[in-house]
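Down below is the structure, laid out as structure tokens.
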Amino acid sequence: MSWLELIGNIACLLLQYWLLWFGSTPHRPGDHLFQNTQVPLMTLDQQKPDENSIVTKADAHLDFEIREPSLAALIIGINEYADDEVPNLKGAVSDADSVQDFLRSFLRIPSHRIKNLRNEEATRVAIEDEIKNLASSTAISKDDPILIYFAGHGTQANAPSGWPTGNAEGIIQMLVPHDFAANGSDDIRRGQGFLDVTFSSLLADLASQKSDNITIILDSCHSGSGTRKDRLDPDVAVRGFDLPESYVVPQALLTEYSAARASAIAKGFEKTGLRSHILLAACMQHQEAMESHGKGMFTTQLITLFKEEGVDKLTYQDVITMLPPLRWQNPQCEGFHSNRILFNAKVPSPQRELYPIRTTSNPGRYVLEAGEAHGVTANAHFTVYSNKDMLCALGTVVASELAGPFETMCTVLPPTQVFEISKPGYALQVQVGEGGDLRILMEPIDAVFRQVVQKMELVEAGKRGICFVKSVDQDPHLGVDVLHSGRIHFQVMNRICRRYGLEHMPFEVDNNPDDVRHILRSAADFYWNLSRSNRTNPFNTSRITVECVRLKETGQYTDFLEEVLMPDPDCIDLNRDGEVVINIDENEDTKYGFKITNRTDVPLYASIFYFDISDLSIAPYYQPGTARNKKVEPSLPDRDSLTIGFGSSGTAPISFYLREGQDVDVGFLKIFLSTEYVNFSGIIQRSPFMSMDTGARAVSTRGHKRILWDTMSIPIVQRRHHAA
């Protein structure tokens, strides 16, 4: 890299950090508040309350801190090796630095929770000691997510007789630290590899001290050919090499970790599953991890995916299936908990959408390829990047005019200077726009609770606001009671829910900043998405009909031995005037389905979610398919139907239930409709209450002459049979 390139990269990073912290003003609660009104198919209208009814913020000393992100990380990158027999690399340190930058700038992980080892710092003893430090650290609490990342060489050797390897070949595999001696060493503190049995034992200890919320990322080979692929690409190198046949692992090194403790070999080095951690590996066991032009192919694509999709939206299995194809290597995911959200959903991504943006003929004006259908509102702020890697920020823009459901006109946000985008750039939302504040009724307002809200406004600037209202006439989303025990109880304020008898959420929580903040942030997103509809130019959703039917077994099975269900001919449509009431008999396992019919001449995309009022979760019932070129088939063709739970949609039938102690529950079936493909999966969220007890990018394509979007909401009431 030339000095000019180095200076340019430093300037980009400095600009990015400046924009991150100073490029947008703190969000304040807006005046655009929503009221739920009952109309056919439950359209949610907007109403602005009397400003005098909003409780203003009081100046109060905030004597607590909102908890910082809890992830702890050990990041290791080795380009330079002490032994001349070990070939040096070019991209391992750069990859490790990229991971650190991602944690710091994107996930907001504090620097004091990240330990870095580079080159000569990354000896075998240092690596082992730092993993032990993770286990003993009092700064890492039980269940805090832990990340260990390694970029460098990997290799393998014959195991001494009698030592467990987890493979038929009797091979011990190892990561290669800086001080490794390729021809062997009798000094067990220097010149040795970081053995799989050692890694396994340390991870088992770490899991027992903290939890199994441990993520291992290895951008290295399990074994290597020791050659550069010069005939294919002179800039491509292998992160692995072969040891001489005479190499022997010292018996004294192996006995540091007894056979009893090493009976389960660390994943990535064998085929037996582990429960202590989850591994994301750059390649299969007999493949080679590659680096090209000073960067690891696996790490580069991995960070790009994390940024685009959000770590709180991806499972570990998703990561592997969604990575683009890598030449010469097939990344692997191993571990018992591989179906978990990354870091067990304890590390939120600050933003989830990345939208294309382009310049116009007027300097300082830009067209954002996202609009009202994507949840963009006036005065939303976006940081613009030159590419999807988001390594260099060009500036910050503000949404100045909604040009339609799928486009927004943006202008430069001072003091950002006018900038050019040579080809379509990408915009990341860093501050929400007007409207969508969470309204809370609490009389009297508890001092600790008020401080939590005030602190959220300061620390979480750019997210949806939270404000207190004084009366039920102002349509609060939640009511809050402080019980005699000091715990918090939430009231359900939705009028439809209360009409059916659902007045309280079935949970109590401690009145502490962490729990309250988590619930309020989830509630703000929940009610914002529940209230979304086309307010500027709605189309007539009465021509979209929704039927709810009870399903019946047919006695037939598919080729995959799945039972074929069909609507019960003795059951009429349960959707009566835009509301569905289901009487639940605990002795029956009744399954239900939905049929959505498009009676227009326009093909539509439909995304369907269930909003659970009782626990603030948003679950997907149906989402359109995906395609690399975004040319997705409409899920609701004109004059056609989409079935949920039966038929050809491939979706599971729905079973409703009541929680213990509940005789009635109410949720909303929310249907997002549009003429252009929009990925609404970013609104999915888990219940904040479940996390205490025990998770995108949106794109659009053109091609339809008519441009439409809107939503439909249908309350689904569940009552115990004896209460009907």
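Bear in mind these aren't lab numbers, they're just calculated from the coordinates by the rules spelled out. As the structure is a computational prediction, the values presented were derived from the model and not from experiment. As a convention, Cβ positions derive from the backbone with ideal geometry for all residues, glycine included, and neighbour counts pool all protein chains shown.
Key figures
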quantity: Prolate/oblate/rounded call for the range 414-511, Cα gyration tensor, a/c under 1.5 rounded; calculated: prolate
quantity: Peptides 519-525, 133-139 ordered by average Cβ neighbours within 10 Å, highest first; calculated: 519-525, 133-139
quantity: Cβ crowding within 10 Å averaged over residues, with 212-218, 141-147 ranked highest first; calculated: 212-218, 141-147
quantity: Residues of the range 422-446 with amide N under 20 Å of the 7 Å Cα→Cβ point at residue 388; calculated: 422-430
quantity: Calculated FRET efficiency for the pair residue 472/residue 512, C-beta based, R₀ 35 Å, to 0.05; calculated: 0.80
quantity: Flagged links, alpha-carbon separation over 24 Å, of 307/346; 115/455; 388/670; 470/670; 90/313; 346/463; calculated: 115/455; 388/670; 470/670; 90/313
quantity: Listed residue (538, 512, 551) projecting farthest to the positive dipole end of the range 456-596, Cβ model; calculated: 538
quantity: Förster radius 41 Å - calculated FRET efficiency between residue 536 and residue 286 (Cβ-Cβ, nearest 0.05); calculated: 0.10
quantity: Kirkwood Rh, Cα atoms: Rg over Rh of the range 522-600; calculated: 1.08
quantity: Packing-based order for 427-436, 614-623, 666-675, using average beta carbon neighbours within 10 Å, highest first; calculated: 666-675, 427-436, 614-623
quantity: Exposure proxy ranking, count of Cβ atoms within 10 Å, fewest first, for 104, 639, 113; calculated: 639, 104, 113
